[in-house]
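**Student:** Can you read through this structure? Questions will come right after.
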Amino acid sequence: MITTSPAADMFDVISPVTGRVVGTHPRGSADDIDDAVRRAHEVAGWWGALGFDARARRLDAWRGIIARRAPELAELTHIEMGKPRADAMLEIAMALEHLAWSAKNAARVLGRRAVRSSLLTANQSASVEYLPLGVVGVIGPWNYPIFTPLGSLSFALAAGNTVVYKPSEYTPGVGVWLAQRLSEVVPEHPVLQVVTGDGSTGSALCRSAVNKIGFTGSTATGKKVMTACAETLTPVLMECGGKDALIVDADGDLEAAADAAVWGGLSNAGQTCLGVERVYVHEEVFDAFVDRVVTRARTIRAGSGGNAQIGPITMPTQIDVIRRHIDDAIGKGGRAVLGGLDAIEGNLVQPTILVDVPEDSVAVTEETFGPTLTVTRVRDMDDAVERANASRYGLGLSVFSRRRGDEIATRIRTGAVSVNSYVMYAAVPSLPLGGVGDSGFGRVHGADGLREFTFPRAMTRQRFPSILPLTTFRRTPRIDALVRVLVRLLHGRH
Ligand code: NDP
């Protein structure tokens, strides 16, 4: 179900691959948003009352259609935002794993379950269940236009909410496509509505009568979303930017680490929230590691053709950010051992590997979102951990070490860490995904991702009258004396 007003203001989507207009969509107004949210409230009761099993069947059917028509979705993603079709297919594969998990596990995670009472409340049976919030507003980015929004959409829907989704203005077609496929298996009511538009449409969604906003995007926009939501005390999930590091210990597998750094830093043209942007390498293996990274990265070409391993930069404005970061790194004493300012060719950026970049350069402190890596020599792993943790972001991190991987990982302050691989925590369906610091808060995926779109309802049922009636004005001095004794007995020893 797609919402449009009759005389809607329209906007074009220009493909970074072809430079041509590949779609024209309505710019949703505040009225369009309010209408969609009103309809979503009207049907929230129906969707919630279907129950976990019936919802799971619908979500599984949605998954089946997406899987069968995946090449079409991959093509649309490629043409709208520029990533290679094979990478889009990989994105679909990962997104469907999480969709399957959310449908299968919602009843177990959210359904009513008994919890233990205590000595003072031994006459009560206690239980908790997680109820849908009602209507969830989802605001998504363009860089992973399937995987990222589905992290909120699947989990919010599986938990029993209806959703109004505002996709990025760069990838509205992907958002509309996903909602159309769901409407084929939920024809009765619009449980997922898409309102296309730009930042003003997203802003209207934040000010509407939604019960929660699931936001994925930059930290700067996230702050605006929070400000708007504060007016109505609307809770928010913040999946924001990152500046992820990869650490290589002296005993790390250099081949595997170089492969991970090159894929983590360059794939999707570096436009990945969990992309590797900083690499810290033990001084004993620094030169050997840099050699391996450069050898691999040299074979990767950005292009718009079918064979390109990385596509163009999606947002034209990002080119200036990438240029400024490379320029600042070199200006402050860094060296480009591959690429550099010359690597920027129109909306293509060729792989750029920077070394000796000072830690106060914007190439190290700010999200670059381009196919660039800073590779920095460190004294030891204490030095690596300190530098990795110095970022204001805290999304993910990879560490390559044969003997000390787990120990290093536990000292890292990010929402996720992978030891001896890159980004695998985002592929394991039962793991939560999200950040700390400027990378945001709240979680998608896993049990935490389901609970994110619910509120817990606690319940007690009195099984028999208490021998210690406490919450009554009929309480006797004897009971008060007993309470004093109990307080000492239960807690005074500590
Ligand atoms: P933006 O912050 O520019 O936009 C995100 C979404 O917010 C878009 O739909 C955008 O609409 C919308 N928006 C813009 N202004 C407002 C506003 N005032 N109120 C409400 N919504 C608004 O991010 P990008 O789309 O450029 O995505 C890239 C960013 O997303 C990177 O920082 C990346 O790290 C982060 N990201 C984080 C992930 C995570 O899991 N933590 C995953 C993927 C990306 P429009 O596009 O139409 O302007």
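**Student:** Mind listing whichever residues of segment 150-171 are in a helix (DSSP H, G or I) and either open to solvent by 10 Å² or more (accessible area, probe 1.4 Å) or within 9 Å of the ligand (Cβ to nearest atom) (or both)?
**Tutor:** First, pick out the residues of segment 150-171 that are in a helix (DSSP H, G or I): 150-158.
Result: Gly151, single match.
**Student:** Ile313 - would you say it is open to solvent by 10 Å² or more (accessible area, probe 1.4 Å), at pLDDT 95 or above, β-branched (Val, Ile, Thr) and within 16 Å of the ligand (Cβ to nearest atom)? So that I can check it myself, show each step before the final result.
**Tutor:** Values: open to solvent by 10 Å² or more (accessible area, probe 1.4 Å): no; at pLDDT 95 or above: yes; β-branched (Val, Ile, Thr): yes; within 16 Å of the ligand (Cβ to nearest atom): yes.
The answer is no for Ile313.
**Student:** With respect to Gly217, is the statement that it is within 15 Å of the ligand (Cβ to nearest atom) and touching a strand residue (DSSP E or B) at 6+ places or on another chain (Cβ under 6 Å) true?
**Tutor:** Working: within 15 Å of the ligand (Cβ to nearest atom): yes; touching a strand residue (DSSP E or B) at 6+ places or on another chain (Cβ under 6 Å): no.
For Gly217, the condition - within 15 Å of the ligand (Cβ to nearest atom) and touching a strand residue (DSSP E or B) at 6+ places or on another chain (Cβ under 6 Å) - is not met.
**Student:** Here's another thing I want to ask about it. Only one of Ala209, Ala261 is away from the ligand (no atom under 11 Å from the Cβ) and closer than 19 Å to Thr376 by Cβ; which?
**Tutor:** Working: Ala209 fails: closer than 19 Å to Thr376 by Cβ.
Criteria check complete, one pass: Ala261.
So that you can scan it fast, the table gives a plain yes or no per residue for (1) closer than 27 Å to Thr460 by Cβ; (2) in a loop (DSSP other than H, G, I, E, B):
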site	(1), (2)
Asp87	no, no
Thr121	yes, yes
Ala126	yes, no
Val138	no, no
Pro141	no, yes
Thr148	no, no
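**Student:** For segment 346-389, which residues satisfy the criterion of being outside any loop (DSSP other than H, G, I, E, B), in contact (Cβ under 8 Å) with a residue 12 or more places away in the chain and open to solvent by 40 Å² or more (accessible area, probe 1.4 Å)?
**Tutor:** Initially, segment 346-389 is screened for residues outside any loop (DSSP other than H, G, I, E, B), giving 348-349, 352-355, 362-365, 372-378, 381-389.
From what's left, in contact (Cβ under 8 Å) with a residue 12 or more places away in the chain: 348-349, 352-355, 362-365, 372-378, 381, 383-385, 387-389.
Correct list: Thr365, Arg377, Arg387, Asn389.
**Student:** Given the condition of a type outside the set (Asp, Glu), under 28 Å from Gly202 (Cβ atoms) and touching a strand residue (DSSP E or B) at 6+ places or on another chain (Cβ under 7 Å), answer yes or no: does some residue in segment 115-130 qualify? Steps first, please.
**Tutor:** From segment 115-130, those of a type outside the set (Asp, Glu) are 115-128, 130; that's our starting set.
Keeping just the survivors that are under 28 Å from Gly202 (Cβ atoms) gives 130.
Adding the requirement that they be touching a strand residue (DSSP E or B) at 6+ places or on another chain (Cβ under 7 Å) leaves 130.
Within segment 115-130, one or more residues are of a type outside the set (Asp, Glu), under 28 Å from Gly202 (Cβ atoms) and touching a strand residue (DSSP E or B) at 6+ places or on another chain (Cβ under 7 Å).
**Student:** May I ask you to list the residues in segment 21-47 that are open to solvent by 30 Å² or more (accessible area, probe 1.4 Å) and assigned to a helix (DSSP H, G or I)? Before the answer, list the steps.
**Tutor:** Applying the first criterion (open to solvent by 30 Å² or more (accessible area, probe 1.4 Å)) to segment 21-47 yields 21-22, 24, 27, 29-31, 34-35, 38-39, 41-42, 45-46.
Selection gives Ala30, Asp31, Asp34, Asp35, Arg38, Arg39, His41, Glu42, Gly45, Trp46.
**Student:** Determine if segment 91-104 includes at least one residue that is acidic (Asp, Glu) and either closer than 28 Å to Phe453 by Cβ or not in a helix (DSSP H, G or I) (or both). Quick ask: steps written out before the conclusion?
**Tutor:** Initially, segment 91-104 is screened for residues acidic (Asp, Glu), giving 91, 97.
Restricting the remaining residues to those that are either closer than 28 Å to Phe453 by Cβ or not in a helix (DSSP H, G or I) (or both) gives 91, 97.
Within segment 91-104, one or more residues are acidic (Asp, Glu) and either closer than 28 Å to Phe453 by Cβ or not in a helix (DSSP H, G or I) (or both).
**Student:** When you go through Glu452, Glu407 one by one, which is the residue that is of a type in the set (Asp, Glu) and more than 19 Å from Val109 (Cα to Cα)?
**Tutor:** Working: Glu452 fails: more than 19 Å from Val109 (Cα to Cα).
Result of the check over Glu452, Glu407: Glu407.
**Student:** Moving to a separate point now. Say we look at segment 227-241 and pick out the residues that are more than 9 Å from the ligand (Cβ to nearest atom) and in a loop (DSSP other than H, G, I, E, B); which of these is most open to solvent (accessible area, probe 1.4 Å)?
**Tutor:** Selected residue: Leu233.
**Student:** Among the candidates Gln124, Gln180, single out the residue that is within 29 Å of Thr77 (Cβ to Cβ) and open to solvent by 10 Å² or more (accessible area, probe 1.4 Å).
**Tutor:** Details: Gln124 fails: within 29 Å of Thr77 (Cβ to Cβ).
Only one candidate qualifies: Gln180.
**Student:** Looking for something in contact with a helix residue (DSSP H, G or I) (Cβ under 6 Å, 6 or more places away or on another chain) and either assigned to a helix (DSSP H, G or I) or free of Cβ contacts under 8 Å to residues at least 12 places away in the same chain (or both) - is there at least one such residue anywhere in segment 249-258?
**Tutor:** yes
The values are calculated or read from the model by the stated rules, or taken from the named source; none is laboratory data. Owing to the predicted nature of the structure, the values given are computational and were not obtained by experimental measurement. All Cβ positions, glycine included, derive from the backbone under ideal geometry; neighbour counts span all protein chains shown. For the accessible areas, the whole protein counts, side chains as well, though only heavy atoms, and no ligand, DNA or RNA atoms are used. Shrake-Rupley method; radii C 1.70, N 1.55, O 1.52, S 1.80 Å.
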